[in-house]
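Participant: I'd like to ask you about the structure that follows.
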Amino acid sequence: MLKQNKLKIILSSILVLGTISFYIFSNKEETIHVLASADYPVTENLDEMAIESDLVVMGKYVKLDSKWNMARNPKDISQEDPENYVEGHIYTFKVDYVVKGNIQNKKMIEINHRYSETIDIEDGDGNVEKATNLDPLYIQPDLNAKYVVFLKYEPTQNHYYKAIEPFTVKINELDKVELQSNLLSSVNKAKKNEFKAGNKTFIIDNEIHKIQDNISGMSIEELKSKINQKK
């Protein structure tokens, strides 16, 4: 398993335990750059993806069911935190085949994807601005595709969330698998979020760790066989 960065955020569907660290640099052009880094468990190894998962299933995302505040009140985790907002997207997932775990004959489960967080940024003049920082790991599910997903169960909210990063594998028309992650070295996607407040431009740079793809190209049967070996 890859070494994690110094702890700043634990990505969880229930408790947001850490904080983002921001390093702000301003210049005369009224542009403020913010470096945001987060900590999350990462692997390049299919075996570790399987070991970390309570449930591994094959199927399809059906729809975006709801949005909610993942930040929980520390005094009552059944309630949202009134002072913090971390947006999660709950998707309905139709299970066609259980590779690992037990869902007691359920055909539909709910999977939470962390989407964004509202953060406070100082503008250099003593003012604090609210900004939405999109999660750099978020990938919108393709409702027309088949997936294998690696999940943890959260009993308080009765839904599933990622077991580790990466946690989704798409199945193509040839029954070959394609690993899905914005951490892949082949992904050249900007991890910047930009917004304006008054005459200032804020640019949030999300620091991420690149990984190699050791899974794409396997047949679905090969993938299932390797996961079954880790049950």
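Bear in mind these aren't lab numbers, they're just calculated from the coordinates by the rules spelled out. These numbers come from a predicted model, not from an experiment. Note that we place each Cβ from the backbone using ideal geometry, even for glycine, and neighbour counts take in every protein chain shown.
Participant: What number, rounded to the nearest 500 deg cm²/dmol, is the helix-based mean residue ellipticity at 222 nm of the chain, given -39500 (n - 2.57) per DSSP H run of at least four residues and division by all its residues?
Facilitator: -1500 deg cm²/dmol
Participant: Tabulate in residue order the Karplus-calculated ³J(HN,Hα) for the stretch 53-69, using 6.51 cos²θ - 1.76 cosθ + 1.60 with θ = phi - 60°, rounded to whole Hz; enter x for Gly and Pro.
Facilitator: Residue by residue, the stretch 53-69 yields 8, 6, 9, 10, 9, 10, x, 9, 6, 9, 6, 7, 8, 6, 10, 8, 8 Hz.
Participant: Another question, then. Using the structure shown, select from Lys130/Lys200; Lys100/Lys162; Lys146/Lys192; Lys67/Lys200; Lys63/Lys106; Lys75/Lys191 the pairs with a Cα to Cα distance greater than 22 angstrom.
Facilitator: Lys146/Lys192; Lys67/Lys200; Lys75/Lys191
Participant: Now for a separate question. How much FRET efficiency would the formula 1/(1 + (r/R0)^6) give for Glu222 and Asp65, where r is the Cβ-Cβ distance and R0 is 25 Å, rounded to 0.05?
Facilitator: 0.20
Participant: Of all beta bridges DSSP finds with both residues in the stretch 101-208, what is the antiparallel percent, to the nearest 5?
Facilitator: The antiparallel proportion sits near 95 percent.
Participant: Based on the alpha-carbon gyration tensor of the stretch 30-88 and its eigenvalue square roots a ≥ b ≥ c, which shape applies: rounded if a/c is under 1.5, prolate if not and a/b is larger than b/c, or oblate?
Facilitator: Verdict is oblate for the stretch 30-88.
Participant: Straight-line reach from Lys224: which aspartates and glutamates fall under 20 Å, measuring Cα to Cα and dropping same-chain residues less than 8 apart?
Facilitator: The qualifying aspartates and glutamates are Glu44, Asp47, Glu48, Glu52, Asp54, Asp96, Glu165, Glu173, Asp175, Glu178, Asp213.
Participant: Taking θ as phi - 60°, what are the ³J(HN,Hα) couplings along the stretch 35-51 by the Karplus curve (6.51, -1.76, 1.60), each to the nearest whole Hz, with x for Gly and Pro?
Facilitator: Coupling constants for the stretch 35-51: 9, 10, 10, 9, 10, 7, x, 10, 8, 10, 10, 4, 4, 5, 4, 5, 5 Hz.
Participant: Which residues' amide hydrogens lie under 5 Å from the amide hydrogen of Tyr115, considering only partners 5 or more residues apart or on another chain, with H built in the peptide plane?
Facilitator: Long-range HN contacts for Tyr115: Glu87, Gly88, His89.
Participant: Under the rule of at least 5 residues apart or a separate chain, name every residue whose amide H is placed under 5 Å from the amide H of Arg72.
Facilitator: For Arg72, whose amide H was placed from the backbone, the distant partners under 5 Å are Val16, Asp81.
Participant: If you don't mind, another one. Can you tell me what percent of all Cα-Cα pairs in the stretch 121-231 are more than 17 Å apart?
Facilitator: Result: 67 percent of Cα pairs exceed 17 Å.
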